[in-house]
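The values are calculated or read from the model by the stated rules, or taken from the named source; none is laboratory data. Remember, predicted model here, so these are calculated numbers, not experimental data. Neighbour counts are summed over all protein chains in view; Cβ atoms, including those assigned to glycine, are modelled from backbone coordinates with ideal geometry. The accessibility values were calculated without ligands, DNA or RNA, using every heavy atom of the protein model including side chains. Shrake-Rupley method; radii C 1.70, N 1.55, O 1.52, S 1.80 Å.
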Amino acid sequence: MSSPINTSWRVARLYLRIADWSLIPLYFLMVVALYGAFLYAPTEREMGDVQRIFYFHVGVAWNCFLAFFGVFLGGVAYLITRKRSWDHLAASCVEVGVVFTTMVLTTGPIWAKPIWNTWWPWGDPRIMTTMVLWLIYVAYLMLRSSLPEGETKYKYCAVFGIIGFLDVPIVWFSIRWWRTIHPVVITSSGAELEPEMIHALFVSVIAMTVLCVTLVMLRMAMRLNSSMAEELTHS
Amino acid sequence: MIYLFFGYVVIWTILFLYLVFLMRSQKQVNDKLKALSETLDQQD
């Protein structure tokens with residue numbers, strides 16, 4: 001077997017193996033997270049049961065930041081090393097990140113309607129900066145699909161991914177910098193929550209992180225398989 | 001809440017099985033690509 005294909009095959013196999021190992025813990029972690037959110041955590045005094053969406057809303061929000069950090073990392077590493085594997089990481093992280101951000105923007109309004117009496121408060125900085133984040137990375141995917149394969153495409157996408165990541169700290173600090181109706185739950189002195197709520201949130205964040213990593217690994221293996229098939233077609 | 005819990009466990013199980021299916025199919029693709037590459041190498 002020729003050497004570049006051999007290496008790609010081994011790397012793809014490694015990604016699939018990592019994803020495979022994480023599957024069983026992922027299944028049970030997610031069931032425990034569901035148990036924590038629906039049965040273990042107490043009902044919030046003012047908001048009632050609708051507040052339980054918080055455990056998933058925060059879990060997916062944290063992971064969209066993590067995925068976009070992967071895009072930033074992949075972009076920087078690609079520009080330094082020019083190795084295609086970093087581009088695979090960035091592209092896979094964008095796809096997973098956009099899915100997670102879509103989940104954030106879906107669970108948010110479901111929670112907002114009964115509590116704030118509106119699906120989408122347009123003036124809220126956290127919501128608007130998250131929407132901008134989603135649009136930035138949807139634009140990244142559009143750019144990616146519109147450019148022909150090659151160095152130029154990977155370079156443009158790396159730069160776009162790095163610049164796009166600038167919105168992540170803005171989203172995080174928006175509730176501290178500007179007046180917003182979004183509550184500041186996690187402060188420098190800790191989380192202002194009941195201990196059971198913190199436990200449920202913690203498990204949910206871990207479960208979503210394992211899901212995020214598994215999806216990125218699977219997507220990277222798919223990308224490698226696809227580029228190997230392309231290489232074999234042209235050889 | 002117990003109904004919601006079981007409802008979401010069922011939805012999650014379906015999604016999880018789809019994930020397992022995707023993983024298996026990618027492994028098969030990976031194996032086939034290796035076999036194809038080896039065959040092409042022997043022909044050269």
Scanning the stretch A:204-235 residue by residue, the ones that are farther than 24 Å from residue A:14 by Cα and open to solvent by 40 Å² or more (accessible area, probe 1.4 Å) total 2
Counting only residues that are closer than 17 Å to residue A:168 by Cβ and open to solvent by less than 20 Å² (accessible area, probe 1.4 Å), the stretch A:76-97 contains a total of 5
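Residue-by-condition table, conditions (1) of a type in the set (Lys, Arg); (2) not in a helix (DSSP H, G or I):
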site: A:9; (1), (2): no, no
site: A:13; (1), (2): yes, no
site: A:17; (1), (2): yes, no
site: A:20; (1), (2): no, no
site: A:23; (1), (2): no, no
site: A:36; (1), (2): no, no
site: A:46; (1), (2): no, yes
site: A:50; (1), (2): no, no
site: A:55; (1), (2): no, no
* To do: Could you please let me know if residue A:15 is at pLDDT 90 or above, crowded, with 19+ Cβ neighbours inside 10 Å, closer than 30 Å to residue A:234 by Cβ and touching a Phe, Trp or Tyr at 6+ places or on another chain (Cβ under 9 Å)?
  => no
Note: among A:19, A:37, just one is within 21 Å of residue A:182 (Cα to Cα) and either facing another protein chain (nearest Cβ under 9 Å) or in contact with a Lys or Arg (Cβ under 9 Å, 6 or more places away or on another chain) (or both), namely A:37
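Listed residues B:19, B:40, B:33; which is within 16 Å of residue A:217 (Cβ to Cβ), facing chain A (nearest Cβ under 9 Å) and assigned to a helix (DSSP H, G or I)?
From the options B:19, B:40, B:33, the qualifying one is B:19.
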TODO: Confirm whether residue A:110 is under 26 Å from residue A:181 (Cβ atoms) and either touching a Cys at 6+ places or on another chain (Cβ under 7 Å) or of a type in the set (Val, Ile, Thr) (or both).
DONE: yes
Per the filter on the stretch A:167-199, residues more than 27 Å from residue A:134 (Cα to Cα) and among the charged types (D, E, K, R) are A:192, A:194, A:196
The correct count of residues that are open to solvent by 20 Å² or more (accessible area, probe 1.4 Å), within 23 Å of the chain's Cα centre (by Cα) and closer than 29 Å to residue A:173 by Cβ in the stretch A:29-60 is 4
Expected single match for modelled with pLDDT of 95 or more, assigned to a helix (DSSP H, G or I) and not β-branched (Val, Ile, Thr) among A:108, A:97 is A:97
Sole miss for residue B:10 among (1) more than 10 Å from every other protein chain (Cβ to nearest Cβ); (2) open to solvent by 100 Å² or more (accessible area, probe 1.4 Å) is condition (2)
Against the condition within 7 Å of another protein chain (Cβ to nearest Cβ), assigned to a helix (DSSP H, G or I) and of a type in the set (Ser, Thr, Tyr), how does residue B:25 come out, does it pass? no
